[in-house]
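Student: Here it is: the structure, laid out below.
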2 protein chains.
Amino acid sequence: MSEAIRYEVNALSTFVERLFENAGADAEVAQVVTRVLLEGELLGHRTHGLNLVSRYIGGMLSGQVKAQAAALEQVSDSGVASLFDGNYVLGPYCVSRALDCAASGASAQGIGIAVVRRAAHIGCLAAYLKPYTDRGLVALVYSSDPSVGLVCAHGGVDPIYTPNPIAAGIPTRGEPILLDVSMSTVTMAMVSQCRDNGSKLAHPVLMSNEGKASDDPADFFTSPQGSILPLGGQGFGHKGFALAILVEALTSGLAGHGRKDCPDQWGASATAVVIDPRFFGGLQAFTDETSFLGQLILASRPVDPERPVRLPGQAGLALRSKALAQGVSLAPTLVADLNQLAAQLQVAALGH
Amino acid sequence: MSEAIRYEVNALSTFVERLFENAGADAEVAQVVTRVLLEGELLGHRTHGLNLVSRYIGGMLSGQVKAQAAALEQVSDSGVASLFDGNYVLGPYCVSRALDCAASGASAQGIGIAVVRRAAHIGCLAAYLKPYTDRGLVALVYSSDPSVGLVCAHGGVDPIYTPNPIAAGIPTRGEPILLDVSMSTVTMAMVSQCRDNGSKLAHPVLMSNEGKASDDPADFFTSPQGSILPLGGQGFGHKGFALAILVEALTSGLAGHGRKDCPDQWGASATAVVIDPRFFGGLQAFTDETSFLGQLILASRPVDPERPVRLPGQAGLALRSKALAQGVSLAPTLVADLNQLAAQLQVAALGH
């Protein structure tokens, strides 16, 4: 039986960058997109890591997705507030540019915000944050996709909006706190995974098209489609629903491009907000507070003695450290997939 | 049997302002605090409306709470980012000043943020938002209280942090969307209310001090104290927990004053963020999008035909319109309470 093989991170990074470049990406775009996808992989987000490489390159080769830095257009800039039109450039490049722009506003005046409309798939939001927390900045990313409806309103049956995640990186005196949570009970990836495995969901987090709560993925894949319940479920779904509307407003609302435009191409609206604690109570007081809170949390008695309480991002950061030290372990199917792409793009294959 | 009596809003406002002034508040502080408490009452948040008047004035008279505008100190200001030290000034005044300051940054450059530490009780966050949405601004308020621990970490037993609400006002072409949701399953007010009524909670949202989920308020009021589960409950509480940590960071973290300081006086950390859509895709595109989304939501088939789907804030705004037209209905016990205060402060009583 074939087992996962470990690859050294720098070698893997060079390989993936070369794939994007040979598929036609600008060097800068190839570098940024590779960094974000590899970071997703390192943090253990396998469905939003290197696994996306062939999908992204497929989009480039079919002409649906752009990979030129110049195609990402800055529509407005006040110094602290910007709007970008992504023109369906590779999403990780769009979001990274938005975060850099927001960080520059934050470093100058304490806060910055940049909104992107029509970014291609943006991957895993948690993968964007560490470069900013490493600089002592608080970084938030919100996203939605106005071409997709999956989640119902609280008390409603029909699928209307996307899981609309909120992600944030929070500096502490040690490792950052990294959170990345959707405003729905579960994501589409989870529903599809249960369908593919023939399993039920752990909770009745779906709504059938007839208005019955269900744990059966078959009740989602119907015509008309079922929906996913908002975070909070049947009892407290008004909260996840309200927060999801806020995310829609901060992303597609500010972007001026959303559901009203009935876009037919998958494309994210994403908003980056960066805050510099030095403009408020100071970075030291900030990290003293977040570290103190982190310690209180980690000292909590666990409900299950086998499962100590963890901070958001802690498990992913431990995987990341291990991968940096020992190499990234990739499934043989993923390696075969990447090597097929490498052959097509005349890039030297990854070794075994 | 005595029934609720309706009072004309302007007369009530003048009466409450006079109470605060005669108790020693600056005219400006009295006016702002009255507006916020009355707005909470109009929106139907009875526990966070005029009901707070005697508590607030009690705090002033005992010297714990200040009511002088000059006692609210602006510690830093970059034009878009400010820090205030509330010095335990009446919270609605502190938060309103923070919102005004953030709105001024937003109007100048697209976004503004103001953080307040050590505000006295800040009431109902939803009550702050409409003046900003009326001007076409998106307004967010976050708050926490570092002197109080009520909610447990996901997977943990011990109470650590506060319900940490996120509130936002979102302009549309019609009435705004107003959301105000805690990052815990329920608030402390709900737990106390169930205890007082001798009822159970509708869901097992408490954690006993022995690590058992419970719907019995008695399991909260123990020694050591029980705790409230994060939004998402036992299945998805990692999401509410993560968002609550974000709120702690954005409030007490940026404020540079939090749990690490072990404050022994009740006092909020609050953060106001205001965004002007005109600096992005424009106000018209923003309200077109939020109105379109609102219509999609309102057109949802309801799970229960008797309960049509509603937007966040819709029910409160309907109560508000009715109260403005027909007067505010106050419970006789509240009127008696206010009139007792009026006698003490030499203010003419409210009529019957």
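The values are calculated or read from the model by the stated rules, or taken from the named source; none is laboratory data. What you see is a predicted model; the values in this text were computed from it and never measured. In this analysis, Cβ positions are derived from the backbone assuming ideal geometry, glycine residues included, and neighbour counts consider all displayed protein chains.
Student: Would it be correct to say that A:R278 is of a type in the set (K, R), within 8 Å of chain B (Cβ to nearest Cβ) and either farther than 30 Å from B:G155 by Cα or out of contact with any helix residue (DSSP H, G or I) (no Cβ under 6 Å at 6 or more places or on another chain) (or both)?
Tutor: no
Student: So the check is Cβ under 6 Å with 6+ separation or different chains; which pairs have a first residue in the stretch B:4-19 that's within 13 Å of B:L50 (Cβ to Cβ) and in contact (Cβ under 8 Å) with a residue 60 or more places away in the chain and a second one that's surrounded by fewer than 17 Cβ atoms within 10 Å (Cβ to Cβ) and of a type in the set (S, T, Y)?
Tutor: So the pair list comes out as B:A4/B:S329.
Student: Something else now. Of the residues A:G235, A:G281, only one is over 21 Å from A:D180 (Cα atoms), assigned to a loop (DSSP other than H, G, I, E, B) and over 21 Å from the mean Cα position of the chain (by Cα); which?
Tutor: None of the other options fit; the residue is A:G281.
Student: Moving on. Report, ordered by the first and then the second residue, all pairs with beta carbons closer than 8 Å, sequence separation of six or more or different chains, a first member in the stretch A:69-95 that is on the phi > 0 side of the Ramachandran plot and within 8 Å of chain B (Cβ to nearest Cβ), and a second member that is surrounded by fewer than 24 Cβ atoms within 10 Å (Cβ to Cβ) and of a type in the set (G, A, S).
Tutor: A:G79/A:A108
Student: Something else: Could you list, in sequence order, the residues of the stretch B:123-140 that are more than 14 Å from chain A (Cβ to nearest Cβ) and not in a helix (DSSP H, G or I)?
Tutor: B:G123, B:C124, B:D134, B:R135, listed by residue number.
Student: Going through the stretch A:56-90 one residue at a time, which ones are of a type in the set (S, T, Y) and either within 19 Å of the chain's Cα centre (by Cα) or under 19 Å from A:I113 (Cα atoms) (or both)?
Tutor: Within the stretch A:56-90, A:Y56, A:S76, A:S78, A:S82, A:Y88 qualify.
Student: So if I check each of B:S143, B:S147, which one is crowded, with 24+ Cβ neighbours inside 10 Å, under 30 Å from A:P308 (Cα atoms) and in the same structural domain as B:H257 (by the TED database)?
Tutor: B:S143
Student: Here is a further query. Give the number of residues within the stretch B:121-140 that are surrounded by 21 or more Cβ atoms within 10 Å (Cβ to Cβ) and either under 13 Å from B:S182 (Cβ atoms) or small (G, A, S) (or both).
Tutor: The number of residues fulfilling the criteria is 6.
Student: Out of all the residues in the stretch A:190-210, is one or more among the small types (G, A, S), more than 9 Å from chain B (Cβ to nearest Cβ), under 15 Å from B:V303 (Cβ atoms) and in contact with a helix residue (DSSP H, G or I) (Cβ under 8 Å, 6 or more places away or on another chain)?
Tutor: yes
Student: For the stretch B:288-306: of the residues being within 26 Å of the chain's Cα centre (by Cα) and facing chain A (nearest Cβ under 7 Å), which is farthest from A:P230 (Cα to Cα)?
Tutor: For the stretch B:288-306, the residue satisfying everything is B:T290.
Student: Scan the stretch A:307-319 for residues that are free of Cβ contacts under 8 Å to residues at least 12 places away in the same chain and within 7 Å of another protein chain (Cβ to nearest Cβ) and jot them down.
Tutor: If the condition is that a residue be free of Cβ contacts under 8 Å to residues at least 12 places away in the same chain and within 7 Å of another protein chain (Cβ to nearest Cβ), then A:R307 is the only one that fits.
Student: May I ask you to verify whether A:S107 is small (G, A, S), within 12 Å of chain B (Cβ to nearest Cβ) and out of contact with any strand residue (DSSP E or B) (no Cβ under 8 Å at 6 or more places or on another chain)?
Tutor: Spelling it out, A:S107 is indeed small (G, A, S), within 12 Å of chain B (Cβ to nearest Cβ) and out of contact with any strand residue (DSSP E or B) (no Cβ under 8 Å at 6 or more places or on another chain).
Student: So for the stretch B:98-117 (the condition being under 14 Å from B:D145 (Cα atoms), in contact with a Lys or Arg (Cβ under 9 Å, 6 or more places away or on another chain), surrounded by fewer than 24 Cβ atoms within 10 Å (Cβ to Cβ) and modelled with pLDDT of 95 or more), does at least one residue qualify?
Tutor: Taking every residue of the stretch B:98-117 in turn, none turns out to be under 14 Å from B:D145 (Cα atoms), in contact with a Lys or Arg (Cβ under 9 Å, 6 or more places away or on another chain), surrounded by fewer than 24 Cβ atoms within 10 Å (Cβ to Cβ) and modelled with pLDDT of 95 or more.
Student: Something else about it: Cβ contacts < 6 Å: first residue within 25 Å of A:D288 (Cβ to Cβ) and touching a residue at least 12 places away in the same chain (Cβ under 8 Å), restricted to the stretch A:167-193; second residue surrounded by fewer than 24 Cβ atoms within 10 Å (Cβ to Cβ) and of a type in the set (S, T, Y), any location; separation 6+ or different chain. Result?
Tutor: What qualifies is A:G169/A:T133; A:P171/A:T133; A:P171/A:T287; A:T172/A:T287; A:T172/A:S291; A:R173/A:T287; A:R173/A:S291; A:P176/A:T133.
Student: Then there's this: May I ask you to list the residues in the stretch B:43-69 that are in a helix (DSSP H, G or I) and either assigned by the TED database to the domain that holds B:G105 or in contact with an Asp or Glu (Cβ under 7 Å, 6 or more places away or on another chain) (or both)?
Tutor: B:L50, B:S54, B:A69
Student: Mind checking whether some residue in the stretch B:320-330 is aliphatic (A, V, I, L, M) and surrounded by fewer than 20 Cβ atoms within 10 Å (Cβ to Cβ)?
Tutor: Yes, the conditions are met somewhere in the stretch B:320-330.
Student: Are any residues in the stretch B:141-160 of a type in the set (D, E) and more than 12 Å from every other protein chain (Cβ to nearest Cβ), and if so, which ones?
Tutor: Scanning the stretch B:141-160 gives a single hit, B:D145.
Student: Filter the stretch A:211-228 for residues that are within 14 Å of chain B (Cβ to nearest Cβ), crowded, with 16+ Cβ neighbours inside 10 Å and either in contact with a helix residue (DSSP H, G or I) (Cβ under 8 Å, 6 or more places away or on another chain) or part of a loop (DSSP other than H, G, I, E, B) (or both) and give the result.
Tutor: Scanning the stretch A:211-228 gives A:G211, A:G226, A:I228.
Student: Another question, then. Name the residues in the stretch B:238-275 that are under 22 Å from A:A114 (Cα atoms), touching a residue at least 40 places away in the same chain (Cβ under 8 Å) and either of a type in the set (V, I, T) or within 8 Å of chain A (Cβ to nearest Cβ) (or both), would you?
Tutor: Passing the criteria: B:L243, B:V247, B:L250, B:T251, B:L254, B:T271, B:V273, B:V274, B:I275.
Student: Which pairs have Cβ atoms under 7 Å, sit 6 or more apart or on different chains, and link a residue in the stretch A:96-122 that is part of a helix (DSSP H, G or I) to one that is polar (S, T, N, Q)?
Tutor: A:C101/A:S82; A:Q109/B:S78
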